[in-house]
Amino acid sequence: MSNLVCTLQVDLGDRAYPIYIGSDLISNPEFFAQHIKGSRVMVVSNTTVAPLYLEQLKKALVDFNVSEVILPDGEEFKTLDVLNQIYTALLENRFDRTCTLIALGGGVVGDMTGYAAASYQRGVNFIQVPTTLLSQVDSSVGGKTGVNHPLGKNMIGAFHQPQAVIADTLTLNTLPDRELSAGMAEVIKYGLINDAEFFEWLEEHMEALMAVTWSYWLRRFVVLVRIKRKLLLQMKRNRANEPCSIWAIPLVMRLRRAWAMANGCMARLLVRVWLWRQICRVDWVGLMIIKSTKSMIC
């Protein structure tokens with residue numbers, strides 16, 4: 001296994017931070033110590049990820065006073081009630097504003113830890129250690145944090161940038177097939193919206209990617225995060241282009257975000273195909289109205 005590590009910088013002025021991408025990073029103190037300002041660290045994980053990687057992470061934190069809080073696993077627990085478990089652990093252990101939180105897990109853990117960091121004592125530092133494909137290529141980058149409300153997904157939250165994102169690709173070895181597929185949906189979306197060449201490469205190598213063939217992932221992981229970083233910087237320059245929040249009913253909130261996104265893309269594609277077919281049934285009339293309808297279709 002290659003020990004090659006790639007570092008990307010998210011340029012946000014005084015909120016800039018690095019993204020480390022490679023294997024065997026979780027237990028390496030080199031990637032953590034420089035981003036932890038105080039002596040106390042609170043690791044937030046869940047009941048699925050903690051048994052797999054918490055002890056490895058602690059090896060990288062031997063020079064710090066480390067506490068931990070383990071949350072239940074699942075989107076249904078991304079709530080204010082469960083978020084309070086983080087606040088309670090911080091207060092019971094008398095953590096002050098010099099502490100650092102570390103999110104060890106997927107998107108739910110990252111979002112909740114980030115929001116706890118944004119709001120605890122009006123803001124403390126945190127580090128993202130994403131362990132799913134979806135969180136490594138998407139949710140850990142950009143500073144979006146928050147929790148769900150019964151009337152909407154991610155309706156309570158804040159923008160709070162991490163001190164660093166440490167993406168250990170070896171964590172994908174323990175990822176269930178469904179989670180890998182959810183992350184792959186996000187990967188495909190990036191190709192569709194921003195990089196046609198990358199999308200073509202995905203089509204050619206999908207079988208190897210889904211088999212978690214590391215020679216493919218390690219070569220292309222950087223491409224994914226670069227695309228995410230590019231989109232983030234574009235949104236920073238023009239907030240008008242930022243996607244609108246999606247209001248969700250409880251049934252929709254039970255879906256994996258990436259599954260919902262993938263199904264939504266498919267539905268949109270089918271609608272576009274149907275509309276074009278209806279237009280093309282009318283010969284010259286269809287040609288006349290294509291321009292006027294194209295903006296609605298797209």
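The values are calculated or read from the model by the stated rules, or taken from the named source; none is laboratory data. Values in this document were obtained by computation on a predicted structure and should not be read as measured data. Backbone-built Cβ (ideal geometry, glycine too); neighbour counts: all protein chains shown.
Things to note:
- Each residue in the range 112-139 was checked for being free of Cβ contacts under 8 Å to residues at least 60 places away in the same chain and within 21 Å of residue 8 (Cβ to Cβ), and 8 of them qualify.
- Scanning the range 12-49 for residues that are assigned to a loop (DSSP other than H, G, I, E, B) and of a type in the set (A, V, I, L, M) gives 12, 16, 25, 26, 36, 49.
- Residue in the range 4-24 that is within 24 Å of residue 175 (Cβ to Cβ) and acidic (Asp, Glu) present: yes
- Residue in the range 55-64 that is of a type in the set (A, V, I, L, M, F, W, C), over 14 Å from residue 171 (Cβ atoms) and in contact with a strand residue (DSSP E or B) (Cβ under 8 Å, 6 or more places away or on another chain) present: yes
- Being surrounded by fewer than 21 Cβ atoms within 10 Å (Cβ to Cβ), on the phi > 0 side of the Ramachandran plot and in contact with a Lys or Arg (Cβ under 6 Å, 6 or more places away or on another chain) is a condition met by at least one residue of the range 108-125.
- A residue that is assigned to a loop (DSSP other than H, G, I, E, B) and in contact with a Phe, Trp or Tyr (Cβ under 6 Å, 6 or more places away or on another chain) can be found somewhere in the range 125-145.
- The residue list 12, 83, 90 contains one member that is closer than 21 Å to residue 167 by Cα, of a type outside the set (Ser, Thr, Tyr) and in contact (Cβ under 8 Å) with a residue 12 or more places away in the chain, which is 12.
- In the range 165-216, residue modelled with the lowest pLDDT [restricted to those that are surrounded by fewer than 19 Cβ atoms within 10 Å (Cβ to Cβ), farther than 17 Å from residue 141 by Cβ and among the charged types (D, E, K, R)]: 207
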